[in-house]
Amino acid sequence: MIICRACKKSQPEGAIFCSECGTKLTDTTGLVTQSLSHFLEDVKTADIGLDAVSAGERPAKKRVILQIIKTGEQISLVGQDDFTIGRTSEGQSIIPDIDLSPFDSYQEGVSRIHASIKISDTEVSLIDLSSINGTSINDIKIAPNQYHHLHDGDIISLGKFKIQILIPA
Amino acid sequence: MGSEKNHYQILDISRDATQEEIRSAYRRKVREHHPDAQPSLAGDPGSFLAVQQAFETLSNPEKRKLYDASLPAEEELIQVSTIFNRSSLIKIKEPQLLFILMDIQAPPQAKKIAPSPINVALVLDQSTSMKGTRLDLVKSAARRIVNQLRPQDILSIVAFSDKTRVIQPASTQRDFHKIEHNIQMLQASGGTEIYKGLAAGFDEVKRYAHPKYVNHILLLTDGRTYGDEDLCLNLAKKAANLGIGISGLGVGLEWNDQFIDRLVAISGGEAIFVESTRKIEEFLTQKFRRLANIYAHNVQLTYTSDPEVTLNYAFRILPDAAPVPPENDVLRFGNVPVDRPLRILFEFLVSSIPEKANEVVLMKGRVNLIIPGMEQTQISQRIELVLPAIINPTREQVPEDIITALSQVTLYRLHEKAVVDIDNGDIDMAVERLENLATHLLIQGQSELARSVLIEAKNVSKTHALSLDGNKRIKYGTRSLMLPSQSEDPGK
């Protein structure tokens, strides 16, 4: 018998995904990158479609920079519409787009897949992916699994880990 | 010519037949051919002798080997390959799961064979709700399909509401002007009585329902039928037994997805959700292109398993995604396209393995299918999925193809389970599942679908039910994740 680490329900021997909550149960690596490359491809084809309709008329995508408050380091979010944020540990199968493990994020309570930032032409938003310690925007805790708008200068906390959002005009 | 038949053909069995199959085929043939039982055949003692001779040779393994060597090598007509998630079962008392991915595909030389002609009935809903753009788009799609047909194809068109009209009877002869005119005259009015439309379509397809054709009924509807569901399901069974498949295109939000899913599953057909009216033409013409590109149809698996084995589910992943419900130990898989495999994911639950058993039979049986382009259209291949049971197996890497397939089927099934939760009144559980589903979709980069799921989760906690559109969007959305991206669609 296997106990799912996410929902604590029991699963029969040999199960690979939890049938109750969908979490992957074994530590075999491999799947992760499939989603990302697949996604990038989608973005590309979507771009081509739009360009064909209105070449050059599209507003430029928002540029978003994450500034780690503790160290002042900046991480630029480019090339995708969606970035998952979290940390990595040994044997982990799903790796976040933005890996905070070099910044002692574990001690600060960052989950492996903690939150995701979505960038569109008009807005930037944040969603907490049911993390253990939760996410706040400007010290106000946000509900999980819902999008919340982000503005230039907002400070988000993943657990106790603080990041400032910079959206240059 | 009787004299040209080999022993296998005389007994009507395949080259890989087991001794048991040879014996039962022999008994059957003896009954058919015996002069005492069938006086009408008494004038043909040759055929009875041939059966005797065939049995004598094939029932003796030594003689059979020699005989096989004398036959020309059999051309491989279908390739069946399987991957297991591990190479052995664990000998334990508690239940364990096992996964198998099966590919059934055309051999490489199949591409040289001319694609099979189709015999399709297009059954169009013209009830009041189709009024306006919907019916206009259906008309233009029908016109385009008529123009794209190959000379050998057979098309019939039936329009139905609470009345039924055959606009074009099944025929290779086509008067384009007349069809064009009849399509143009279609007007939306009346209710939706699907059985009437299906029955008329069935009658048209049946007239030419020969194994040399890909026989199919394509139903396009935007509404619910009331009271005649069972009639429809019975008709689908009758059709499936004649090798006629049924697929359904549901337009908009009102159509009954549970009913259409059940209807098409009987023959291994496809249910297609056309969310936006603008896409009617695209989906309909694409479906025709797929039908015109089929290598084998009516693919079924008949099987037996050891008593401790339960098939939890079978799920078709290619060429389209849909659950395959078993019926009386027969699984109907649908079609094998010319250029991609038919792929099925199986989940087996193996309960306590008996002390003495050294191996477990997960499935033993035959894949039967029809290849319209072949001289002998009925093909049958034996399959045996057997694994050893070991006390202490080593840990193994799960093949990536299985993980990928499972990760997607798991998402689809989360929605399925949420539907069951709601039916059972367990709203909190359903909401939790939908939220989990949304999280997994986000991780996979499917933010649009994830958003729909989250909206639905809210809906469910408020109204204790899924909304019509949300339910379909999630169900067919999670299914379509399994398919290769649209850009890979050949002929696009």
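The residue list B:ARG165, B:ARG144 contains one member that is out of contact with any Leu (no Cβ under 6 Å at 6 or more places or on another chain) and outside any strand (DSSP E or B), which is B:ARG144. Checked against the criteria, B:LYS356 counts as away from chain A (no Cβ under 14 Å) and either part of a loop (DSSP other than H, G, I, E, B) or within 26 Å of B:ASP261 (Cβ to Cβ) (or both).
Checked against the criterion of being without any contact (Cβ under 8 Å) to a residue 12 or more places away in the chain and under 19 Å from A:GLY86 (Cα atoms), the candidates A:LYS141, A:LYS118 yield just one match: A:LYS141. When the criteria are applied in full, B:VAL205 meets the requirement of being in contact (Cβ under 8 Å) with a residue 40 or more places away in the chain, under 13 Å from B:LEU122 (Cα atoms) and within 22 Å of the chain's Cα centre (by Cα). Of the residues making up the stretch B:384-419, those that are out of contact with any strand residue (DSSP E or B) (no Cβ under 6 Å at 6 or more places or on another chain) and more than 12 Å from chain A (Cβ to nearest Cβ) number 5. Which one is surrounded by the fewest Cβ atoms within 10 Å (Cβ to Cβ), of the residues in the stretch B:209-226 that are of a type outside the set (S, T, N, Q) and in contact with an Asp or Glu (Cβ under 9 Å, 6 or more places away or on another chain)? My answer is B:TYR226. Of the candidates B:LEU442, B:LEU449, the single residue that is in contact with a Leu (Cβ under 9 Å, 6 or more places away or on another chain) and either assigned by TED's automatic domain parsing to the domain that holds B:VAL274 or surrounded by fewer than 22 Cβ atoms within 10 Å (Cβ to Cβ) (or both) is B:LEU449. As a summary of the residue check, A:SER111 satisfies the conditions (1) over 17 Å from A:VAL64 (Cβ atoms); (2) touching a helix residue (DSSP H, G or I) at 6+ places or on another chain (Cβ under 9 Å) except for the one numbered (2).
Listed residues A:GLU73, A:GLU90, A:GLU108; which is away from chain B (no Cβ under 11 Å), of a type in the set (Asp, Glu) and touching a residue at least 40 places away in the same chain (Cβ under 8 Å)?
Values: A:GLU73 fails: touching a residue at least 40 places away in the same chain (Cβ under 8 Å); A:GLU90 fails: touching a residue at least 40 places away in the same chain (Cβ under 8 Å).
Going through A:GLU73, A:GLU90, A:GLU108 in turn, the sole match is A:GLU108.
No other residue among A:ILE85, A:ILE65 is modelled with pLDDT of 90 or more, more than 8 Å from chain B (Cβ to nearest Cβ) and not in a loop (DSSP other than H, G, I, E, B) apart from A:ILE85. Criterion applied to B:GLU308, B:GLU281 was being touching a Ser or Thr at 6+ places or on another chain (Cβ under 9 Å) and not assigned by TED's automatic domain parsing to the domain that holds B:ARG382, and the one residue passing it is B:GLU281.
Scanning the stretch B:91-122 for residues that are within 14 Å of another protein chain (Cβ to nearest Cβ) and either modelled with pLDDT under 90 or in a loop (DSSP other than H, G, I, E, B) (or both) turns up B:LYS91, B:ILE92, B:LYS93, B:GLU94, B:PRO95. Scanning the stretch B:78-111 for residues that are surrounded by fewer than 18 Cβ atoms within 10 Å (Cβ to Cβ) and either among the aliphatic types (A, V, I, L, M) or in contact with a helix residue (DSSP H, G or I) (Cβ under 7 Å, 6 or more places away or on another chain) (or both) gives B:VAL80, B:ILE83, B:ILE90, B:ILE92. Screening the candidates A:SER105, A:SER125 for the property of being of a type in the set (Ser, Thr, Tyr), touching a strand residue (DSSP E or B) at 6+ places or on another chain (Cβ under 9 Å) and part of a strand (DSSP E or B) yields one hit, A:SER125.
Whether any residue in the stretch B:192-200 is outside the structural domain of B:GLU375 (by TED's automatic domain parsing), assigned to a loop (DSSP other than H, G, I, E, B) and either within 13 Å of B:VAL123 (Cα to Cα) or in contact with a Cys (Cβ under 6 Å, 6 or more places away or on another chain) (or both) is what I want to check. Yes, the stretch B:192-200 contains a residue that is outside the structural domain of B:GLU375 (by TED's automatic domain parsing), assigned to a loop (DSSP other than H, G, I, E, B) and either within 13 Å of B:VAL123 (Cα to Cα) or in contact with a Cys (Cβ under 6 Å, 6 or more places away or on another chain) (or both). In the stretch B:230-248, of all residues being hydrophobic (A, V, I, L, M, F, W, C) and not in a loop (DSSP other than H, G, I, E, B), the one that is modelled with the lowest pLDDT corresponds to B:ALA240.
Of the helices (runs of 4 or more DSSP H) lying entirely inside the stretch B:378-479, the ones with 1 or more residues being at pLDDT 90 or above and within 19 Å of A:ALA15 (Cβ to Cβ) are found at B:400-423, B:427-443.
In the set (1) facing chain B (nearest Cβ under 8 Å); (2) modelled with pLDDT of 50 or more, the condition left unmet by A:THR45 is number (2).
Restricting the search to the stretch A:89-105, which residues are surrounded by 13 or more Cβ atoms within 10 Å (Cβ to Cβ) and on the phi > 0 side of the Ramachandran plot?
We begin by selecting, within the stretch A:89-105, every residue surrounded by 13 or more Cβ atoms within 10 Å (Cβ to Cβ); these are A:92-101, A:103-105.
Hit for the stretch A:89-105 is A:ASP104, nothing else.
Considering only residues that are surrounded by fewer than 17 Cβ atoms within 10 Å (Cβ to Cβ) and not in a strand (DSSP E or B), which ones fall in the stretch B:364-377? Hits for the stretch B:364-377 are B:GLU375, B:GLN376.
Cβ-Cβ distances below 6 Å connect the following pairs, each with a first residue in the stretch B:440-454 that is within 8 Å of chain A (Cβ to nearest Cβ) and more than 24 Å from A:ASP99 (Cα to Cα), a second residue that is small (Gly, Ala, Ser) and part of a helix (DSSP H, G or I), and a separation of six or more residues or different chains: B:LEU454/B:ALA438.
For the stretch B:285-306, the candidate set comprises residues that are β-branched (Val, Ile, Thr) and either at pLDDT 90 or above or assigned to a strand (DSSP E or B) (or both); within that set, the residue that is nearest to B:ILE353 (Cα to Cα) is B:THR304.
Has the stretch B:345-360 got any residue that is among the hydroxyl-bearing types (Ser, Thr, Tyr), surrounded by fewer than 17 Cβ atoms within 10 Å (Cβ to Cβ) and in contact with a strand residue (DSSP E or B) (Cβ under 9 Å, 6 or more places away or on another chain)? Scanning the stretch B:345-360 turns up at least one residue that is among the hydroxyl-bearing types (Ser, Thr, Tyr), surrounded by fewer than 17 Cβ atoms within 10 Å (Cβ to Cβ) and in contact with a strand residue (DSSP E or B) (Cβ under 9 Å, 6 or more places away or on another chain).
Considered as a group, the residues in the stretch A:128-146 that are under 13 Å from the mean Cα position of the chain (by Cα) and hydroxyl-bearing (Ser, Thr, Tyr) include one that is nearest to the other protein chains (Cβ to nearest Cβ), and that residue is A:SER130.
The values are calculated or read from the model by the stated rules, or taken from the named source; none is laboratory data. Keep in mind that this is a model prediction, so the values were computed, not measured. Cβ: placed from backbone, ideal geometry, glycine included. Neighbour counts: every protein chain shown.
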